Amino acid sequence: MWAGNPDQEDVVEAVLSREPLQLDAVFECCGEQEALDQAVELLKPGGKLLLVGIPTVERISVVIDQARRKELCLQNVRRQKHCMAPALELVAEGRMRPDFMITHRFTLEQTQAAFELVEGYHDGVVKALITVD
């Protein structure tokens, strides 16, 4: 498993160096235009782009030449109904390790700082974990 930081490296180049044949599916989870553009570049012909992120703007777009030529499937994902329990089960069984995404850790008393960091996408944050002792 791999996680990248687009503020520190070319994510497309980094992924394609590991997966030169491109990807079958990409989950775009931040709602940013740049991430959407990167996702289209990463997908192989016939690939599926799942739009999970919530954009802060009214419209987003794709480079239609690339999306059309690759015959990409774009699917919006609004809710993940009935997926929390199975996901937690996978983590509990050790079959999925999501900790690679955690870039920052906070105590309960630091919750406000955690939210501010994530809201502003500061310091290369991917996911911030708030620990409740």
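The values are calculated or read from the model by the stated rules, or taken from the named source; none is laboratory data. Predicted model, so just to flag it, every value in this text is computed and none were measured. Methodologically, a virtual Cβ is constructed for each residue, glycine included, from the backbone with ideal geometry; neighbour enumeration extends over all protein chains shown. For accessibility, only protein heavy atoms count, side chains too; no ligands or nucleic acids. Shrake-Rupley method; radii C 1.70, N 1.55, O 1.52, S 1.80 Å.
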Counting only residues that are loosely packed, with under 10 Cβ neighbours inside 10 Å and at pLDDT below 90, which one in segment 63-79 is farthest from Gln33 (Cα to Cα)? Arg79
Residue among Ala128, Ala87 that is among the aliphatic types (A, V, I, L, M), surrounded by 11 or more Cβ atoms within 10 Å (Cβ to Cβ), under 28 Å from Glu32 (Cα atoms) and at pLDDT 90 or above: Ala128
Looking at (1) closer than 22 Å to Val118 by Cα; (2) open to solvent by 100 Å² or more (accessible area, probe 1.4 Å), which one does Ile60 not meet, given that it meets all the others? (2)
